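Some notes on the structure that comes next.
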Amino acid sequence: DIKGCIAVNFALKQLTARGHRLSVFLSNDEPRSEGAQRCAEMVGPHETSVWTKSIFPFLERTPAANRGPGAYRTWEELRASDDVGVITAVKNKSINFHANLAEVRALAPDLIFSARFQHILKEDLIAVAPLGVLNMHPGALPK
């Protein structure tokens, strides 16, 4: 979604300016419960579909030179770049799923930054990064 993309672009600028590399792990979920499906129907069109089907493709067709210096990149542009590692989770599986956890371990991150991620990170995942996890979430976290 757009908020996550902006957060990643902001983090990318800050981290690369300090000599760090950023890797992005994208969830790959379809809403499964009735409540999640209803929520996706209400927020989906303006939060994801409009961006992924209209605005991001328009930006991708616009030469970078015409978008101004330091312009934020779309998910596909980040995926195609050499300076960001982008991994997509196994469809409809938690980040804690063994194959997804193995992908994160392979990155050997010092710090995990979680932005608008819809999974609870469990101890095995949190333990991967020696500096821990920084979570950005727009609402109250589950107890």
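Taking amide hydrogens as placed 1.01 Å from N in the peptide plane, the amide H of F113 sits under 5 Å from those of L134, each at least 5 positions away in sequence or on another chain.
When the listed pairs K3/K122; K3/K53; K13/K93 are checked against a 26 Å cut-off, the alpha-carbon distance exceeds it for K13/K93.
For L101 and M136, the difference between the fully extended length at 0.36 nm per residue and the C-alpha to C-alpha distance is 10.6 nm. The slack between V86 and A65, meaning 0.36 nm per residue of separation minus the straight C-alpha distance, is 5.2 nm.
If you take all other residues with their beta carbon under 10 Å from the beta carbon of A80, and give Lys and Arg +1 and Asp and Glu -1, the sum is -2.
Every read-out reported here was derived from the displayed coordinates using simple, explicitly stated rules and does not represent laboratory data. What you see is a predicted model, and the numbers here were worked out from it, not measured in a lab. Using ideal geometry, Cβ is built from the backbone for each residue, glycine included, and neighbour counts are taken over all protein chains shown.
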